[in-house]
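Peer 1: Here it is: the structure, laid out below.
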Amino acid sequence: MSILTKYILQKYLKSFFIVLVSLQLFFVGIDFFQNVKNLPDSANLQLLYLFYNSFFTLTLTLPLSLVFGWILTLVILIKGNELVAFTALGVSKRKIYSPVLKVTFFLLLVIIGLQATPLAYSYEQKDKILDGEYFTSTKSDIFLKYDSYYVYFQKLFPIEKRAENIHIFKVANKDLVESIVAKKAYFQNNRWYIIDAKITTKPSEIDFATSKIVVKHEKFLHTLEGFKPKILDNVYEEKSAFSILDAVSALLLLKQQGINTDKIRGALYYEIIVSFFIIPIMMLIFAYSALNSRFFNVGKFTSLSIFFTLIIWGVFFLLHKFSNNGTLSPELSLLLPMFLWYTISFIVYKRKTSY
């Protein structure tokens with residue numbers, strides 16, 4: 001690593017951490033003081049609330065801090081006439097911004113990797129603490145299709161991986177051929193184990209003289225392999241989040257069932273791809289920055305850069321909401337705008353730097 005690269009990264013990382021810590025303290029602090037009266041008296045739960053809220057806020061503030069830190073770094077370099085000095089020494093523009101973009105790309109990969117862990121459910125967990133439901137999570141009256149089965153759970157306990165009052169109906173050629181009724185079921189070894197199941201089987205061909213309904217009881221019965229409680233919980237909830245791993249599992253599973261997966265695909269695109277919208281912003285900000293501090297308006301440059309960043313971020317956030325509620329398909333609302341954004345930014349950057 002060259003001395004120039006170390007110097008630029010030192011400046012950038014310092015600015016980035018200052019902005020990140022400031023934003024985190026601001027948003028987490030305001031949220032905590034607004035809700036402190038509604039939080040449980042337990043100090044442990046309050047600390048957990050702060051932890052979950054900090055990570056959820058981090059997913060929003062980290063991309064913005066990367067851009068704002070770059071703006072602050074450019075202001076420092078320009079005001080100190082360091083940028084023009086680098087250029088005078090023959091340093092190319094690419095060598096100036098390339099280390100920053102590499103660090104930005106790495107940090108975005110880190111935050112994406114963390115969203116593949118249970119931390120992706122931080123917003124849900126902090127809301128449970130706030131509502132006094134951290135240790136009890138239930139969903140009622142869930143009815144879903146799985147392969148040739150239609151499944152009804154009167155009560156689902158996603159955290160405990162169990163369900164109560166289960167009705168499973170097997171359908172073949174649009175004909176009900178079997179029903180399974182039980183009081184309890186548990187999810188273990190990637191499948192559901194039904195306790196004390198009552199199985200009623202209807203003959204496929206009805207004959208008045210010979211046909212009969214067969215009723216039998218099974219102490220243990222396993223079925224619904226791969227149908228995870230967390231997937232059931234999140235698919236059922238209209239505004240629920242997904243970790244990346246659970247989203248991939250749900251996508252593969254529900255696609256086999258012929259169930260609409262727009263919401264899950266939208267969550268995957270937003271968590272993996274949309275975060276990289278800041279890369280073109282950082283390139284454009286660098287392209288429109290000045291080299292000489294004499295002709296550099298700090299207030300105008302900073303305010304316009306921050307305003308432009310927030311506008312682009314808001315547009316993608318709004319498009320994510322459109323895909324999440326089913327207004328637009330995620331490919332049209334997220335992938336296509338990202339492609340257009342990168343294309344337009346590349347064209348604008350080339351025209352600006354070619355002068």
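The values are calculated or read from the model by the stated rules, or taken from the named source; none is laboratory data. Worth saying up front: this structure is predicted, and the values here are computed from it rather than measured. Neighbour counts are summed over all protein chains in view; Cβ atoms, including those assigned to glycine, are modelled from backbone coordinates with ideal geometry. All accessible areas refer to the heavy atoms of the entire protein, side chains included, with ligands and DNA or RNA removed. Shrake-Rupley method; radii C 1.70, N 1.55, O 1.52, S 1.80 Å.
Peer 1: Find out how many positive minus negative residues lie around PRO280, taking Lys and Arg as positive, Asp and Glu as negative, among other residues whose Cβ is under 13 Å from that of PRO280.
Peer 2: Charge balance in the 13 Å sphere: +2.
Peer 1: Follow-up. Only four residue types carry charge here, +1 at the Cβ of Lys and Arg and -1 at the Cβ of Asp and Glu. Report the dipole size of the chain about the Cα centre in Debye, rounded to the nearest 20.
Peer 2: 1320
Peer 1: Another question, if that's okay. Grab the Cα-Cα distance for LYS350 and PHE143, subtract it from 0.36 nm times how many residues apart they are, and report the gain in nm with one decimal.
Peer 2: That pair, LYS350 and PHE143, stretches by 69.1 nm at full extension.
Peer 1: What helices in the chain pass both tests, a Cα length along the helix axis of 24 Å or more and a mean Kyte hydropathy of 1.0 or higher, using whole DSSP H runs?
Peer 2: Helix filter hits for the chain: 3-35, 43-79, 93-114, 298-324.
Peer 1: Within the set of other residues whose C-beta is less than 11 Å from the C-beta of ASP196, count the net charge using Lys and Arg as +1 and Asp and Glu as -1.
Peer 2: Once positives and negatives cancel, what remains is +3.
Peer 1: Residues of the chain: accessible area per residue at 1.4 Å, in Å²?
Peer 2: I get 55 Å² per residue for the chain.
Peer 1: Given only helices, namely DSSP H runs of n ≥ 4 each adding -39500 (n - 2.57), what is the per-residue ellipticity at 222 nm of the chain, to the nearest 500 deg cm²/dmol?
Peer 2: One gets -18500 deg cm²/dmol as the mean residue ellipticity at 222 nm.
Peer 1: Just how many % of Cα pairs in region 265-355 lie over 15 Å apart, if you round to the nearest whole percent?
Peer 2: Across region 265-355, Cα pairs with separations above 15 Å total 64 percent.
Peer 1: With just the Cα atoms of the chain, tell me how far they stretch along each of the three principal axes, in Å, largest first.
Peer 2: Sorted from largest, the Cα extents of the chain read 100, 49, 36 Å.
Peer 1: Okay, next question. Based on alpha-carbon positions alone, could you give the equivalent ellipsoid semi-axes of region 30-187 from the gyration tensor, as √(5λ), descending, whole Å?
Peer 2: 52, 25, 10
Peer 1: Given an 8 Å cut-off on Cα distances and at least 6 residues of separation, report the relative contact order of the chain as a percent.
Peer 2: 15
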